[in-house]
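A quick write-up on the structure given underneath.
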Amino acid sequence: MKTMVHWLMALGIVLGVIVISPRGLQAAGLCSTAPSRENCDGQDPYDVGCWGDKRVIESQYINDSVTSVRIGKVTLYYSPKCKSNFSYVERLHEAYTFSEAYMVYENGYDEDLYWATRDNGSTRYRWSNMVYAPTGTSLKVGACGWLKSSAGGKGGNCTAAY
């Protein structure tokens, strides 16, 4: 019993350090509490607290470019709390794997950090880093996603830029 208590105390200390570390607090708070280009651009929406209030702007299916089989779906999300967009790609066909989930820009604004593809360990979903694009600004962004199969099939699609 004493060993179990020590083990639980050690686990609590480790979890406490992970949960309340300064880096974790900073990353989780800045974009969701003070949205700006500096605080939100290139951040993972899941990690910084922008996932929970996401709203669908547009979704498009992804079809194999040769067979026209529906293999996935790309969605452009907007987080009102974080005033940021991100792409989300869902794989709908087991024979296909992910290639990319990324953001595109209508007005030429582009940086490599938005090409990062994030996941939660799932083989079914992927998402991009965020782009700070509050409503009413001239910055227009869209979401894109690509899938491929080991047999050579592939397909991609993008939403419109909003």
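Among the residues of the range 130-162, how many are out of contact with any helix residue (DSSP H, G or I) (no Cβ under 6 Å at 6 or more places or on another chain) and not in a strand (DSSP E or B)?
The qualifying residues number 16.
Determine which single condition Lys54 fails, assuming it passes every other condition in (1) at pLDDT 95 or above; (2) of a type in the set (D, E, K, R); (3) surrounded by fewer than 16 Cβ atoms within 10 Å (Cβ to Cβ).
Here Lys54 meets the rest and fails (3).
What about Val69, is it touching a residue at least 24 places away in the same chain (Cβ under 8 Å) and farther than 29 Å from Cys40 by Cβ?
Spelling it out, Val69 is indeed touching a residue at least 24 places away in the same chain (Cβ under 8 Å) and farther than 29 Å from Cys40 by Cβ.
In the range 48-65, how many residues are in a loop (DSSP other than H, G, I, E, B) and within 17 Å of Ala101 (Cα to Cα)?
3
How many residues are of a type in the set (A, V, I, L, M) and modelled with pLDDT of 95 or more if we restrict to the range 59-68?
Total meeting the criteria: 1.
The values are calculated or read from the model by the stated rules, or taken from the named source; none is laboratory data. Note that the structure is predicted; figures quoted are calculated from it, not measured. Reconstructed Cβ throughout: ideal geometry from the backbone, glycine too, with neighbour counts over all protein chains shown.
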